[in-house]
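Asker: Dropping a structure here in structure tokens format, bear with me for questions.
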Amino acid sequence: MKKNNMKKVILKRSLGLVAGLLAVLTIALNLSPVLAKAMLDVPVIGDVVNVLTFGRFQYVEGGFSADIKTPGIEGLVDKELEKLLNDELRDKGEAVKNKFFEEVEELRKLSGNGDAKFNVTMDYAVRTNDENYLSLDVILTTTGASAAEAHTFYNIDKKTGKIITLDELVDKKAVKEYILEEMARRNAEEDGTFFIYNNGVVDDNTKKALNNIEKFYINDKGEVVVVFDEYEVAAGVQGSPEFILPKSLMK
């Protein structure tokens with residue numbers, strides 16, 4: 001009984017680690033007041049913009065491991081803006097690493113015999129980098145007592161030199177209605193596992209997610225793609241669900 005109780009404590013702590021790491025990563029760049037101010041009057045970004053690995057941290061010991069890649073952006077005309085972006089990305093990498101070690105120390109104390117396991121990976125993908133847009137996706141994956149994947153997107157309009165928000169592109173109310181309909185269609189036609197039901201009832205967490213849609217990227221066709229984190233609106237088998245928005249929803 002004591003062993004089972006300890007496992008529950010470790011599980012609870014591991015889940016807390018997941019939540020803590022996701023919170024660190026999902027503080028969106030465009031919510032930074034300093035960065036937002038710097039974006040108000042900046043020159044047009046150059047056509048040649050590259051995303052590279054700023055740094056990589058790897059750690060393996062016992063049942064714990066971390067592989068943290070921090071992206072960096074180069075080629076922006078405004079070097080102050082470039083520095084702000086890169087400082088923000090580097091700070092996120094450091095914050096994920098520090099949170100990982102802080103919580104792993106607690107898990108070690110709780111497990112005693114070394115049963116606890118936890119793995120963290122932070123990586124990135126360039127979704128689009130053309131003459132109009134740069135869309136960077138920073139991905140955090142955790143595995144252990146539970147598993148989760150979360151995304152943070154950075155969308156830059158190269159013509160204006162500004163970070164793009166979803167509110168600037170679409171009517172969010174219409175987007176919410178479209179995604180709800182699409183979730184229902186996928187459940188019916190594609191064996192989807194979205195948290196909405198045949199009687200029209202929508203799960204509370206799904207309601208919250210739909211009322212706070214922020215995560216998106218612009219694909220290489222110029223389409224806006226809304227993304228939800230794993231388990232946010234569907235079962236884990238759906239991964240991180242994506243919804244390409246029709247042109248009719250654009251402002």
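Asker: Quickly run through the stretch 200-238 and pick out the residues that are in contact (Cβ under 8 Å) with a residue 40 or more places away in the chain and among the small types (Gly, Ala, Ser).
Answerer: Correct list: Gly222, Ala234, Ala235, Gly236.
Asker: If Glu214 satisfies all but one of (1) in a loop (DSSP other than H, G, I, E, B); (2) under 30 Å from Leu107 (Cβ atoms), what's the number of the condition it fails?
Answerer: Of (1) in a loop (DSSP other than H, G, I, E, B); (2) under 30 Å from Leu107 (Cβ atoms), only one is false for Glu214: (2).
Asker: What number of residues within the stretch 197-218 satisfy the criterion of being within 22 Å of Pro246 (Cα to Cα) and of a type outside the set (Lys, Arg)?
Answerer: Of the residues in the stretch 197-218, the ones within 22 Å of Pro246 (Cα to Cα) are 206-207, 209-218.
Retained after the next criterion (residues that are of a type outside the set (Lys, Arg)): 206, 209-214, 216-218.
Residues in the stretch 197-218 being within 22 Å of Pro246 (Cα to Cα) and of a type outside the set (Lys, Arg): 10 in total.
Asker: Name the single residue that is nearest to the chain's Cα centre (by Cα) among those in the stretch 142-177 being buried (at least 18 other Cβ atoms within 10 Å of the Cβ) and of a type in the set (Ser, Thr, Tyr).
Answerer: Thr152
Asker: With respect to the numbered conditions (1) modelled with pLDDT of 95 or more; (2) more than 15 Å from the chain's Cα centre (by Cα), which one is the sole condition not fulfilled by Ile68?
Answerer: (2)
Asker: Something else now. Can you say whether Glu61 is in the same structural domain as Thr141 (by TED's automatic domain parsing), closer than 17 Å to Ala125 by Cα and at pLDDT below 95, as far as the supplied structure shows? If you could, list the steps in order and put the result at the bottom.
Answerer: Details: in the same structural domain as Thr141 (by TED's automatic domain parsing): yes; closer than 17 Å to Ala125 by Cα: no; at pLDDT below 95: yes.
It is false that Glu61 is in the same structural domain as Thr141 (by TED's automatic domain parsing), closer than 17 Å to Ala125 by Cα and at pLDDT below 95.
Asker: Might you check whether a residue that is assigned to a loop (DSSP other than H, G, I, E, B), among the charged types (D, E, K, R), closer than 30 Å to Val60 by Cα and in contact (Cβ under 8 Å) with a residue 24 or more places away in the chain occurs anywhere in the stretch 145-164?
Answerer: Pass one, the stretch 145-164, residues assigned to a loop (DSSP other than H, G, I, E, B): 145-147, 158-161, 164.
Filter again for among the charged types (D, E, K, R), leaving 158-159.
Add one more test, that the residue is closer than 30 Å to Val60 by Cα, and what stays is none.
Checked the stretch 145-164: no residue is assigned to a loop (DSSP other than H, G, I, E, B), among the charged types (D, E, K, R), closer than 30 Å to Val60 by Cα and in contact (Cβ under 8 Å) with a residue 24 or more places away in the chain.
Asker: Now for a separate question. Sort through Leu136, Leu180 and tell me the only one that's under 26 Å from Leu84 (Cα atoms) and either surrounded by 13 or more Cβ atoms within 10 Å (Cβ to Cβ) or aromatic (Phe, Trp, Tyr) (or both).
Answerer: Selected residue: Leu136, the only one of Leu136, Leu180 that is under 26 Å from Leu84 (Cα atoms) and either surrounded by 13 or more Cβ atoms within 10 Å (Cβ to Cβ) or aromatic (Phe, Trp, Tyr) (or both).
Asker: Does the stretch 187-199 hold any residues that are without any contact (Cβ under 8 Å) to a residue 24 or more places away in the chain and buried (at least 18 other Cβ atoms within 10 Å of the Cβ), and which are they?
Answerer: Step one: filter the stretch 187-199 for residues without any contact (Cβ under 8 Å) to a residue 24 or more places away in the chain, giving 187-191, 196-199.
Correct list: Ile196 only.
The values are calculated or read from the model by the stated rules, or taken from the named source; none is laboratory data. Treat the numbers as computed from the prediction; the structure is a model and nothing was measured. All Cβ positions, glycine included, derive from the backbone under ideal geometry; neighbour counts span all protein chains shown.
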